[in-house]
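Step one of this worksheet: look at the structure below.
A short reminder: the numbers here are calculations on the coordinates, not readings from a lab. Computed from a predicted model, the values in this text were never measured in an experiment. Backbone-built Cβ (ideal geometry, glycine too); neighbour counts: all protein chains shown.
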Amino acid sequence: MKRALVAVLLLLGACATAPDRPPVATVPQVDLARYAGTWFEISRIPNSFQDGPRGCTHTTATYTPRPDGRVGVVNRCLDNAGAPRLAEGEAYVVEGSGNAKLRVSFFWPFYGDYWVIGLDPGYRWAVVGAPGRDYLWILSRRPALAPGYYAEAVGIAAAQGFVVSRLQTTPQEAP
């Protein structure tokens, strides 16, 4: 019993002294009209909905402003057998976020965070993450991203505390 108590106290002490990371920060402003359109996924931190048994490569996301102020979202990819997969959803902007924080749903009533944490001034590439740092995507307007731009995008994510060593490249070449 004493050993268990000591172990618990040591564990609590380690938790109490663990350094806190600052919260994930978004870009100050996103122009949704410029952000609209199709983005190619260049890389991502693996996640259950894209990296399950069926897999997901050749991934794109298309964003369309809607008259009700929400954003239509269509994600497309190819599964491991080369068959197309499609997920349609919607997003709404988190008030006061400068359009940089969205809540996305592909299955109501469940929503996930979609935070734009890096954005090229010309809207050529974007870095999207979540506040828990468990999701991360690097997106581009083209199927490939120049190495310098990719390094810049990865650097933004690393500076925010994302484990960029977990990033996996998303194939975009013709299957």
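Between residue 120 and residue 48, what's the calculated FRET efficiency when r is the beta-carbon distance and R0 is 22 Å? Round to 0.05.
Efficiency, rounded to the nearest 0.05: 0.15.
Quick one: compute the contact order of the stretch 12-115, relative version, from alpha carbon pairs under 8 angstrom and 6+ residues apart, as a percent.
Relative contact order of the stretch 12-115: 20 percent.
Calculate for the chain the 222 nm mean residue ellipticity that helices alone would give, adding -39,500 (n - 2.57) per DSSP H run of length 4 or more and normalising by residue count, nearest 500 deg cm²/dmol.
The helix-only estimate for the chain comes to -5500 deg cm²/dmol at 222 nm.
Starting from the Cα-Cα distance between residue 151 and residue 74, subtract it from 0.36 nm times their residue separation and give me the gain in nm to one decimal.
Result for the pair: 25.0 nm of gain on full extension.
Quick one: angle between helix 2-17 and the longest Cα principal axis of the chain, in degrees between 0 and 90, rounded to 10, please.
50
If each of residue 60 and residue 141 carries a label point 7 Å out from its Cα toward its Cβ, how far apart are those two points in nm?
It works out to 1.5 nm between the two label points.
Report the FRET efficiency, 1/(1 + (r/R0)^6), for residue 21 and residue 103, where r is their Cβ-Cβ distance and R0 is 22 Å, rounded to 0.05.
0.50
Determine the shape class of the stretch 32-175: with a ≥ b ≥ c the square roots of the Cα gyration tensor eigenvalues, call it rounded for a/c under 1.5, and otherwise prolate if a/b is greater than b/c, oblate otherwise.
rounded
Between residue 36 and residue 168, what FRET efficiency comes out of the Förster formula 1/(1 + (r/R0)^6) with R0 = 22 Å and r the beta carbon distance, rounded to 0.05?
With a Förster radius of 22 Å, E is 0.25.
Go through 82-94, 31-43 and give me the packing order, highest mean Cβ count within 10 Å leading.
Ranked from most to least packed, the peptides come out as 31-43, 82-94.
With an 8 Å cut-off on Cα pairs and a minimum separation of 6 or more residues, tell me the relative contact order of the chain in percent.
Contact order relative to length: 25 percent.
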